[in-house]
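The values are calculated or read from the model by the stated rules, or taken from the named source; none is laboratory data. These figures come from a predicted structure and were not determined experimentally. FYI the Cβ positions are ideal-geometry reconstructions off the backbone, even for glycines, and counts take in every protein chain you see. In case anyone asks, the SASA skips ligands and DNA or RNA and just uses the protein heavy atoms, side chains included. Shrake-Rupley method; radii C 1.70, N 1.55, O 1.52, S 1.80 Å.
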There are 2 protein chains.
Amino acid sequence: MAEQIAVDASKAFGVLKALTNEQRSDALKRISSALQQARDDVLAANKKDMDYAKEHSLDYSLVKRLDLSRGDTFDAMVQGVLDVANLEDPVGKVTLAKKIDEGLNLYRVTAPLGVLLIIFESRPEVIANISALAIKSGNCAILKGGKESYHSFKAIADIINKTLAETEVPQSAIQLIQTRGEVFDLLAQDRYIDLVIPRGSNQLVRYIKDNTKIPVLGHADGICSIFVDKEADVEKACRVVVDSKTNYPAACNAVEQLLLSPEVADDSDKLNRILMSLVEANVKLHVTPEIKLRIGSSIDASFVLDAAPDAFDIEYLTPDISVTIVADVAAAVNHINEHSSKHTDCIITENKATADTFLKGVDSAGVYWNCSTRFADGFRYGFGTEVGISTNKIHARGPVGLEGLMSYQYQLKGNGHIASEYVGAGGSKVFVHEDL
Amino acid sequence: MAEQIAVDASKAFGVLKALTNEQRSDALKRISSALQQARDDVLAANKKDMDYAKEHSLDYSLVKRLDLSRGDTFDAMVQGVLDVANLEDPVGKVTLAKKIDEGLNLYRVTAPLGVLLIIFESRPEVIANISALAIKSGNCAILKGGKESYHSFKAIADIINKTLAETEVPQSAIQLIQTRGEVFDLLAQDRYIDLVIPRGSNQLVRYIKDNTKIPVLGHADGICSIFVDKEADVEKACRVVVDSKTNYPAACNAVEQLLLSPEVADDSDKLNRILMSLVEANVKLHVTPEIKLRIGSSIDASFVLDAAPDAFDIEYLTPDISVTIVADVAAAVNHINEHSSKHTDCIITENKATADTFLKGVDSAGVYWNCSTRFADGFRYGFGTEVGISTNKIHARGPVGLEGLMSYQYQLKGNGHIASEYVGAGGSKVFVHEDL
């Protein structure tokens, strides 16, 4: 069953890959209006999921994310599909053109990756969004939603499927599956599936990474750090640390570790201002002994905890932060490269040279200077729709937009050219290698 | 032991990553002259490997590849290190610059990947070459050579290590290991190693892919095809097919399958010209029944074999080729997407529209029109040194130059900017998102 799904997707890819931008965009426009017309049906299905969630008292934030009738969620979904249709075509862009010899030209051309397996929890509108991105970029997608959004998912999926039947895009370009068992089997289809994109909890991402040989675009942990250098503006440090920690503590780009230079930690005014700003924002401080020694009486002791042995290797996702001292910027870089999850790390300093040392030394997707780690996000970066945030170093890194769904191919166009006439392969002809 | 090697490399990366181009290039210049000065010692060590190989009658091509004294191999190695030193700096190139808001600027900057594990068989000069590429690109490398090149490898490794001690590049940036057991353990160090690059037999690559969670840059099989369209120039078809098959049959970019359109197969003159050109070049034809039916008596029967059941899923690496009929260009695309290893595939046709259909539909790293598959090579593409040829669709694809060793990072530079002041995170400020 799983293999058949993957094979069908792979076959559909051969067709979808060769369609024009007009053909792909036309399918999206039709899906957008079909969704608009089916608004009542989709919301009725969504209400079933909401009722189930409320009856079974699933947690509040999950219920809220399920709700397609909240605010402009539905309209935004419909408009989102149309917006993607109107994006510039990401397929077939020439990114390199080289004359190899007279009449023999090499082109590097952007091309879709192939078959994507997208697994997500909650947020049923993501189905429409990610289907649109897949079709626009010429990729086939196998989508698996969470069981809490079963009815919403099915309603949207049916509309997409029915609409695709009227277009040039093969129906099996977008396949929507619902049972849990199939995911495990799909993760074994590395021959047909090119990339897995999990959208959900750390547990989900970790499970997927541990159970597949297919490349996974995403991140399990977001262990972000802020280093407050001796030449930091303390006012900025307070603003940035508090925002990074409290704006949305459950996000992967929230800060989890505060590293202080000795000059800051030894200055009781500076230390207290920074720590007080966190305490006033209701953040619990998990401090090392050297920090504890230096904390003044002005800080409410109930907010000060001893740092656990793993305090610098965990993601709290709650209003908690680990605090320690590192000797200088070099020590901060070492600490971060050893402990961070290579997501986003920040330095607070007024010294540009120190900032440069930090930005060059830290091996994370985002390296920040005097600004909140919460900016690590595709929308804030201006990438339009976000496919995910990657802590991989291979392929796409950091917040990933449509680009992350693209690969490239080399096209070589000749006129009967053969290698054996050239140097290195038995002949004497020399390559030209001129940019076109 | 393996973990310590990986941890040391990872620590060295923090230092190497922050060095300037001058510091990295200076180390390479010193290595180049040290190798030049140690020429006699290295060749003496190499002679030991050669003597061992001859005594134990390792196969001829392997012995030949071992020999550092053949032609200008040694000088080319020394010069190669210097050439890499003089390349443009691949680190720190700004590939995107965007104003997010007043005083908040985003830059995407090229950065080294991290720690590379490079495993290769034979060809001892590759050590110097790949060490140079790693250092130039700011990557640390763990290198593992084959046992047949033990002495050569050790001699070159000692020189590189001794020389690095006099430079800013940490000694453990380049670590050279020799025992087989360590490879298996190193493949488990996915926390510290970012990319594995195998240079050797299909068996080696397959073993590595099956035994690691670290991304592998390379290819196991090279199953390349040529489709001769009904509008092919038969003269070009003969030239290109023979070159693709016979120029170097053991190469990954040699053709293994010949797909003929019915119009070509049914034209006995065309069919015989194409097949005769292969037979005259001593190539054995593994044909399907429909081809066999059509073969004329002019072809020596001893060159005609029945295609085995897996004839379209194997890599011969010998002067053998599978031959069949496919209905048209669409069928050729389907056949190739199902059977090829996504390395390099070619169409022979005089019809541009047909060629376009093929180039757009085939999902391989190289899609060729009227030219030999043997051109799929970093040197022939003008990429300078080749790191490998990748059949992955994630990260680098096709022949991979220095670019394939690079990732990127997002640098965000602000002045105390916090997310909660902006729309979407609780505030009202709007992002500017202007290209810089």
Answer with yes or no whether B:K360 is under 15 Å from A:Y107 (Cβ atoms), open to solvent by 10 Å² or more (accessible area, probe 1.4 Å) and either within 9 Å of chain A (Cβ to nearest Cβ) or of a type in the set (A, V, I, L, M) (or both).
yes
I need the full set of residues from the stretch A:327-362 which are among the β-branched types (V, I, T) and in contact with a Leu (Cβ under 9 Å, 6 or more places away or on another chain), in order please.
A:I336, A:T344, A:I347
I need a count of the residues in the stretch A:84-106 that are more than 14 Å from chain B (Cβ to nearest Cβ) and surrounded by fewer than 17 Cβ atoms within 10 Å (Cβ to Cβ).
2
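Report, by residue number, each residue of the stretch B:65-83 that is acidic (D, E) and open to solvent by less than 60 Å² (accessible area, probe 1.4 Å).
Step one: list which residues in the stretch B:65-83 are acidic (D, E), which gives B:67, B:72, B:75, B:83.
Once the filter is applied, which keeps residues that are acidic (D, E) and open to solvent by less than 60 Å² (accessible area, probe 1.4 Å), the stretch B:65-83 yields only B:D67.
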Quick check on my filter: what residues within the stretch A:335-346 are surrounded by 24 or more Cβ atoms within 10 Å (Cβ to Cβ) and facing chain B (nearest Cβ under 10 Å)?
A:I336, A:K342, A:T344, A:C346
Which ones in the stretch A:57-94 are of a type in the set (A, V, I, L, M) and in a helix (DSSP H, G or I)?
A:L62, A:V63, A:L66, A:A76, A:M77, A:V78, A:V81, A:L82, A:V84, A:A85
Report, by residue number, each residue of the stretch B:19-39 that is without any contact (Cβ under 8 Å) to a residue 24 or more places away in the chain and under 15 Å from B:D158 (Cβ atoms).
B:Q37
Say whether the condition of being touching a residue at least 40 places away in the same chain (Cβ under 8 Å), crowded, with 24+ Cβ neighbours inside 10 Å and among the charged types (D, E, K, R) is met by at least one residue in the stretch A:158-165.
no
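Where residues in the stretch B:202-217 are open to solvent by 40 Å² or more (accessible area, probe 1.4 Å) and not charged (D, E, K, R), which of them is modelled with the lowest pLDDT?
Among those that are open to solvent by 40 Å² or more (accessible area, probe 1.4 Å) and not charged (D, E, K, R), it is B:Q203.
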Among the residues of the stretch B:373-392, write down those that are buried (at least 24 other Cβ atoms within 10 Å of the Cβ), among the hydrophobic types (A, V, I, L, M, F, W, C) and more than 7 Å from every other protein chain (Cβ to nearest Cβ).
B:A376, B:V387, B:I389
Across the stretch A:106-139, the tally of residues that are of a type in the set (G, A, S) and under 30 Å from B:G378 (Cα atoms) stands at 4
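One line per residue, one yes/no per condition, for (1) within 9 Å of chain B (Cβ to nearest Cβ); (2) not β-branched (V, I, T):
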{"residue": "A:K292", "(1), (2)": "no, yes"}
{"residue": "A:S302", "(1), (2)": "no, yes"}
{"residue": "A:V333", "(1), (2)": "yes, no"}
{"residue": "A:I348", "(1), (2)": "yes, no"}
{"residue": "A:C371", "(1), (2)": "yes, yes"}
Could you check how many residues of the stretch A:415-436 are under 13 Å from B:S372 (Cβ atoms) and charged (D, E, K, R)?
2
Which one is nearest to A:L186 (Cα to Cα), of the residues in the stretch A:13-24 that are buried (at least 20 other Cβ atoms within 10 Å of the Cβ) and within 26 Å of the chain's Cα centre (by Cα)?
A:F13
Residue count, the stretch A:188-201 (criterion: surrounded by fewer than 22 Cβ atoms within 10 Å (Cβ to Cβ) and of a type in the set (A, V, I, L, M))
1
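Scanning for something closer than 30 Å to A:S364 by Cβ and within 14 Å of the chain's Cα centre (by Cα), does the stretch B:221-230 turn up at least one residue? Before the answer, list the steps.
Within the stretch B:221-230, the first condition is being closer than 30 Å to A:S364 by Cβ, and the residues that meet it are none.
Scanning the stretch B:221-230, I find no residue that is closer than 30 Å to A:S364 by Cβ and within 14 Å of the chain's Cα centre (by Cα), so the answer is no.
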Restricting to the stretch B:157-170, count the residues that are at pLDDT 95 or above and polar (S, T, N, Q).
2
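Looking at the structure I just gave you, is A:N105 over 22 Å from A:A38 (Cα atoms) and either of a type in the set (S, T, N, Q) or free of Cβ contacts under 8 Å to residues at least 40 places away in the same chain (or both)? Working first, answer last.
On the way: over 22 Å from A:A38 (Cα atoms): yes; either of a type in the set (S, T, N, Q) or free of Cβ contacts under 8 Å to residues at least 40 places away in the same chain (or both): yes.
Answer is yes for this residue.
Sort through B:S277, B:S302 and tell me the only one that's open to solvent by 10 Å² or more (accessible area, probe 1.4 Å), more than 28 Å from A:L104 (Cβ to Cβ) and not assigned by TED's automatic domain parsing to the domain that holds B:V205. Walk me through it before giving the result.
Numbers: B:S277 fails: more than 28 Å from A:L104 (Cβ to Cβ).
Answer to the check: B:S302.
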Being open to solvent by 30 Å² or more (accessible area, probe 1.4 Å) and either under 30 Å from B:I118 (Cα atoms) or touching a residue at least 12 places away in the same chain (Cβ under 8 Å) (or both) is the requirement here; does B:K413 meet it?
yes
Among what's in the stretch A:107-149 and is open to solvent by 10 Å² or more (accessible area, probe 1.4 Å) and within 14 Å of chain B (Cβ to nearest Cβ), pick the residue that is farthest from the chain's Cα centre (by Cα).
A:Y107
Apart from one, (1) more than 24 Å from A:S131 (Cβ to Cβ); (2) modelled with pLDDT under 90 all hold for A:N105; the odd one out is (2)
Taking the stretch A:393-406 as the search range and keeping residues that are facing chain B (nearest Cβ under 7 Å) and open to solvent by less than 10 Å² (accessible area, probe 1.4 Å), which one is farthest from B:P399 (Cα to Cα)?
A:G398
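In this structure, does B:T324 turn out to be in the same structural domain as B:P249 (by TED's automatic domain parsing), hydroxyl-bearing (S, T, Y), at pLDDT 95 or above and assigned to a helix (DSSP H, G or I)? Write out each step before concluding.
Working: in the same structural domain as B:P249 (by TED's automatic domain parsing): yes; hydroxyl-bearing (S, T, Y): yes; at pLDDT 95 or above: yes; assigned to a helix (DSSP H, G or I): no.
No; evaluated as a whole, the condition is false for this residue.
Just wondering, is there one or more residues in the stretch A:283-292 that are open to solvent by 40 Å² or more (accessible area, probe 1.4 Å), within 24 Å of A:D233 (Cβ to Cβ) and touching a helix residue (DSSP H, G or I) at 6+ places or on another chain (Cβ under 8 Å)? Break it down into steps so the answer makes sense when it comes.
Our first condition is that a residue be open to solvent by 40 Å² or more (accessible area, probe 1.4 Å); within the stretch A:283-292, this holds for A:284, A:289-290, A:292.
Next, from what is left, pick out any that are within 24 Å of A:D233 (Cβ to Cβ): A:290.
Retained after the next criterion (residues that are touching a helix residue (DSSP H, G or I) at 6+ places or on another chain (Cβ under 8 Å)): A:290.
Yes, because at least one residue in the stretch A:283-292 is open to solvent by 40 Å² or more (accessible area, probe 1.4 Å), within 24 Å of A:D233 (Cβ to Cβ) and touching a helix residue (DSSP H, G or I) at 6+ places or on another chain (Cβ under 8 Å).
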Yes/no for B:A353 being open to solvent by 20 Å² or more (accessible area, probe 1.4 Å), out of contact with any Asp or Glu (no Cβ under 7 Å at 6 or more places or on another chain) and free of Cβ contacts under 8 Å to residues at least 40 places away in the same chain
yes
Test: residue in the stretch B:181-198 that is out of contact with any strand residue (DSSP E or B) (no Cβ under 8 Å at 6 or more places or on another chain) and over 21 Å from B:S10 (Cα atoms):
no
For the stretch B:288-328, give me each residue that is in contact with an Asp or Glu (Cβ under 6 Å, 6 or more places away or on another chain) and not aromatic (F, W, Y).
B:E315, B:I325
Selection from the stretch A:17-56 of residues assigned to a helix (DSSP H, G or I), of a type in the set (A, V, I, L, M, F, W, C) and within 23 Å of B:D363 (Cβ to Cβ) yields A:A27, A:L28
